[in-house]
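K.L.:
Supplied in structure tokens, the structure appears directly below.
Values in this text are rule-based calculations from the coordinates and carry no lab data. Treat the numbers as computed from the prediction; the structure is a model and nothing was measured. Note that we place each Cβ from the backbone using ideal geometry, even for glycine, and neighbour counts take in every protein chain shown.
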Amino acid sequence: MRELRLKARAKINLTLDVTGKREDGYHLIKSIMQTVSLYDGIYMKRIRKNEIIIKNSLPWLPTDNRNLAYKAAELMKERFDITEGVYIEIDKRIPVAAGLAGGSADCAAVLVGMNRLFGLGLSMKELEHLAFLLGSDIPYCVQRGTMLSEGVGEILTPVKCACPMCYVVLAKLPVSVSTAMVYSGLDWKGLKNHPDTEGMIQAMAEKDITKMGGLLANVLETVTIPMYPKIAQIKEEMARLGAEGALMSGSGPTVFGLFKEEEDAKQAATSIRKKFGLKEVVATRIYHVNEGKRGEDGNGRNEIRH
């Protein structure tokens, strides 16, 4: 194989709890992660010259080893003595530094792509192991779907009752949030309210989107919302516009809302964009991994146009 195209999909956290902290400073989490259809387009091609070339649709993003996609290619070349080079083109559609794992998804896609391009024959577990060397969200981005993530992100358990199909509005404030800063500011021992992870899994099993909306919870909101109060305002507006529930994803600042109807999601996205003056608002939907069986990564829609 000389070239391929992949879709690096965004994720949201339906629940995000912090249950402890390791001696090395990493926090222990318990989170239900869910893939959505919004994706970055990844094009990869083998080249004769032994180098890694990255072209990014956002010119201000780094294209050297500060970029996770570059690091993924570099790791695979070093581990498996690959002497050919690789050209990687990234069409960024997932908002950057948004709590949606855009960089992690690109990194995971490059790991998968290198495995396929160079015929390495690595299993999913082997790819996950390599992914964890690069970041805690990346093993999930290799797997995707509906997953319970524990430990520092390396313990992944598929949720058998996949998230029922619904529509998702993503709205990002024009700020970048440091994940490390949010975690360092979290008083995890003083948390009074914790997400009902088991309840969320049960609601998914019952395909009850309304119940799911009521169980959305993220303890990191206790840190990020005081810094950016508009996050709470956007959550309230999404509820007013018909969302079954709304939540900050990851460490923020993106807010997502769950909608039963596509048209409601489209109208809400338009309304929120206008009311808050936001550029990065997308209406998309839940993505199920079995959709990817159609071609290299499925032919599902990337986003709902509005």
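K.L.:
Have a look at GLY121, GLY242, GLY113 and tell me which one the Gaussian network model of the chain (Cα, springs below 10 Å) gives the largest fluctuation.
P.N.:
Of GLY121, GLY242, GLY113, the most mobile in the Gaussian network model is GLY121.
K.L.:
Given a cut-off of 30 Å, what percent of all Cα-Cα pairs of the chain lie beyond it?
P.N.:
Working: 13820 of 46665 pairs.
Taking all Cα-Cα pairs of the chain, the fraction more than 30 Å apart is 30 percent.
K.L.:
Now, a different point. Report Rg (one decimal) and Dmax (nearest whole number) for segment 167-285, counting Cα atoms only, units Å.
P.N.:
14.3, 42
K.L.:
Let me ask another. Of VAL159, VAL255, how do they rank once you tally other Cβ atoms within 10 Å and put the fewest first?
P.N.:
Sorted ascending by nearby Cβ count, the order is VAL159, VAL255.
K.L.:
Please sort 93-100, 186-193 by packing, taking for each peptide the average over its residues of neighbouring beta carbons within 10 angstrom, highest first.
P.N.:
In descending order of packing, they fall as 93-100, 186-193.
K.L.:
Grab the DSSP H runs of the chain that are 4 residues or longer, score each as -39,500 (n - 2.57), total them, divide by all residues and round the 222 nm result to the nearest 500 deg cm²/dmol.
P.N.:
Only helices count here, giving -9500 deg cm²/dmol.
K.L.:
Moving to a separate point now. If only Cα atoms are counted, what is the Rg of segment 3-160, and what is its Dmax, in Å?
P.N.:
Over segment 3-160's Cα set, Rg and Dmax evaluate to 15.4, 48 Å.
K.L.:
Which residue, PHE118, PHE132, PHE80, tops the fluctuation ranking in a GNM of the chain built on C-alpha contacts under 10 Å?
P.N.:
Most flexible of the set in this elastic network: PHE80.
K.L.:
Ranking request for peptides 45-53, 168-176: highest mean number of other beta-carbon atoms within 10 Å first, then the rest in descending order.
P.N.:
Highest to lowest by the protection proxy: 168-176, 45-53.
K.L.:
Counting other C-beta atoms within 10 Å, which of LEU148, LEU14, LEU220, LEU215 has the fewest, and how do the rest follow?
P.N.:
LEU148, LEU215, LEU220, LEU14
K.L.:
Arranged by the count of other C-beta atoms within 10 angstrom, fewest first, what order do ASP106, ASP81 take?
P.N.:
Least crowded to most crowded, the residues run ASP81, ASP106.
K.L.:
In square nanometres and to one decimal, what's the mean projected area of the convex hull around the Cα atoms of segment 19-105? Please list the in-between numbers first.
P.N.:
Working: hull surface 30.7 nm².
With every direction weighted equally, the projected area is 7.7 nm².
K.L.:
Running Debye on segment 82-175 with equal point scatterers at the Cα sites and no solvent, what base-10 log of I(q)/I(0) appears at q = 0.11, 0.16, 0.20, 0.23 Å⁻¹?
P.N.:
Log10 of I(q)/I(0), two decimals: -0.39, -0.80, -1.12, -1.28.
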